[in-house]
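Here is the structure we will look at, set down as structure tokens.
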Amino acid sequence: MNPGEPVPASDAPPVAPGGTTPGSTTNDGTAPARPADVLRALLGGASPVHAPGVHDPLTAALAAGAGHRAVHLSGAVCAAVELGLPDLGYLHGTHVAERAARLVPALAGVPLIADADTGYGNPLHAVWTAQRYAAAGVAGLHLEDQVSPKRCGHLAGKELLDTAGATAKIRAIAEAGTGLVLIARTDAYSVAGLDEAIERAGRFAAAGADAVFLEGVDTAEELAAVRAALPGVPLVVNRSEAAGVRAFPPDDALGALGVRVVLHPVAPMLAALRAAAAAYAAIGRDGHADAVPRLAWSSFTALVGQDDALTLDRRYA
């Protein structure tokens, strides 16, 4: 296909892996693994899993159909699509949980990692947030150690919660019995340096975190220092355009350094917005968007399950 050509009508949307939905049975008649258990198994693997951002049921279905083994719901993305606002503390966990609950059915069991910001309060509120996420079907969350209201990770002016207070939130969620995978994030690197970030990450792991996420730490040298200080602790890294596009170590190197999840929180949303902007501009300029690449209508109706819905409608009409 040449650039600028519309997607052919024969391009069907991908089918969700395994063709199962949460709560259904697999082909051999057994119950599918819980998404949180699947995510824990991925953390115990030897190579990193790339978790792209999703923000609505259609992007969730596309990501699952593309074969991704985990996906991510970003607070910044949720603030943008839910409220049309920047990631400056406007969002609450209830917004994220409600949106997650709409995404999970389209994921066909693929684990969803959701941003829980600071837990939206003290340990009491952090536990309540985790419970809401678990009820929504989220597989794992990441919780950061900023003072509320938080600031997006790439922005200056962030303030850190004291280590004891941040650790208390991690321990409270770990002991709450939600079953969620708990990823402890620290923003200490840009505020107090690598040593402080490693110290905090170690305390969070000792408090019950399943993995640690040192925001801004992504070079091979820095990750090697983290690996040496925290052997055996799964690492999560963030490949976000918010921090600028830069080179990352290849997957084999990341795997050797203990990285098990690579987040791509905003790339799909930015791609979708660019495509939409091109369509709007073309319609305004040319009166149509025929030259803009886009999904065929038949692929869209297949993605939303129109044929199955019409079959059911005819059956009971």
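The values are calculated or read from the model by the stated rules, or taken from the named source; none is laboratory data. Being a predicted model, the structure only gives us computed values, none of them experimental. Because the Cβ atoms are built from the backbone with ideal geometry, glycine has one as well, and the counts that use them run over all protein chains shown. Side chains included, ligands, DNA and RNA excluded: accessible areas come from the protein's heavy atoms. Shrake-Rupley method; radii C 1.70, N 1.55, O 1.52, S 1.80 Å.
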**Item:** Computed over the stretch 202-292: relative contact order in percent, which uses C-alpha pairs under 8 Å that are six or more apart
**Value:** 25
**Asked** When the chain is modelled as a GNM with alpha-carbon springs shorter than 10 Å, which of Val236, Val138, Val292 fluctuates the most?
**Response** Val292
**Prompt:** Modelled label-to-label distance, Ala276 and Asp56, 7 Å Cα→beta-carbon offset: nm?
**Reply:** 0.6
**Prompt:** Rounded to a whole number, what is D in µm²/s for the stretch 236-317 from Stokes-Einstein with the Kirkwood radius over alpha-carbon pairs (37 °C, 0.692 mPa s)?
**Reply:** 194
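Multiply the residue gap between Arg34 and Glu199 by 0.36 nm, knock off their C-alpha separation, and tell me the result in nm, one decimal place.
Numbers: separation 165, 0.36 × 165 = 59.40 nm, distance 3.22 nm.
Value of the extension gain: 56.2 nm.
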**Item:** Highest-fluctuation residue, Ala101, Ala278, Ala256 considered, GNM on the chain with Cα pairs under 10 Å
**Value:** Ala278
**Item:** Residues Ala267 and Thr163, FRET efficiency given R0 of 45 Å [Cβ-Cβ distance, rounded to 0.05]
**Value:** 0.90
**Request:** List the residues whose amide H sits under 5 Å from the amide H of Val181, counting only those 5 or more places along or on another chain, with H placed 1.01 Å from N in the peptide plane.
**Result:** Gly140, Leu141
**Fill in**
The percentage of the accessible area of the chain (probe 1.4 Å, all protein chains present) made up of carbon and sulfur atoms, to the nearest whole number, is 58
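To one decimal place, what orientation-averaged projected area in nm² is obtained for the convex hull of the Cα set of the stretch 111-247? Numbers along the way, then the final one.
Details: hull surface 31.2 nm².
Projected over every direction and averaged, the Cα hull of the stretch 111-247 covers 7.8 nm².
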**Prompt:** From the list (1) 59, 50, 38; (2) 100, 63, 53; (3) 73, 47, 36, can you say which value of Cα extents along the principal axes in Å was derived from the structure given?
**Reply:** (1)
**Message:** Positive end of the dipole of the stretch 147-281, charges at C-beta (+1 Lys, Arg; -1 Asp, Glu), about the Cα centre: which of Ala279, Ala229, Thr167 has its Cα farthest in that direction?
**Reply:** Ala279
**Request:** Throw me the Rg/Rh for the stretch 167-317, computed over C-alpha atoms with Kirkwood Rh, two decimals.
**Result:** 1.18
**Message:** If I model a spin label as a point 7 Å beyond the Cα along the Cα-Cβ vector, how far apart are those points for Phe248 and Ala228 in nm?
**Reply:** 2.4
**Item:** Inter-label distance, nm, simple model (7 Å from Cα along the C-beta direction), Arg102/Asp290
**Value:** 3.4
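Given a Förster distance of 51 angstrom, what is the FRET efficiency for Asp308 paired with Leu124, based on the Cβ-Cβ distance and rounded to 0.05? Working shown, then result.
Details: r = 44 Å, r/R0 = 0.86.
It comes to 0.70.
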**Request:** Would you pull out the residues with amide H under 5 Å of Leu263's amide H, same chain only if 5 or more places away, H placed 1.01 Å from N?
**Result:** Ala51, Val237, Asn238, Arg239
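Nearest 20 debye, what's the magnitude of the dipole of the chain about its Cα centre given +1 on Lys and Arg Cβ and -1 on Asp and Glu Cβ? Don't skip to the answer; put the middle values down first.
Details: 23 positive and 32 negative charges, 89 e Å.
About 420 debye.
If I take every Cα pair under 8 Å that is 6 or more residues apart in the stretch 231-271, average their sequence separation and divide by the length, what percent do I get for the relative contact order?
Numbers: 35 pairs, mean separation 24.3, N = 41.
Reported relative contact order: 59 percent.
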**Message:** Report, to one decimal in Å, the Kirkwood hydrodynamic radius for the stretch 84-182 based on all distinct Cα pairs.
**Reply:** 13.8
**Request:** Express the accessible area of the chain per residue in Å², computed with a 1.4 Å probe while the remaining protein chains stay in the model.
**Result:** 46
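Using a cut-off of 15 Å between beta-carbons, work out the net charge of the residues near Ala136 (Lys and Arg +1, Asp and Glu -1, Ala136 not included).
Values: positive: Arg34, Arg99, Arg102, Arg132; negative: Asp56, Glu82, Glu98, Asp115.
Here the charged neighbours net out to 0.
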**Item:** Rg to Rh quotient for the stretch 199-279, alpha carbon positions, Kirkwood Rh
**Value:** 1.08
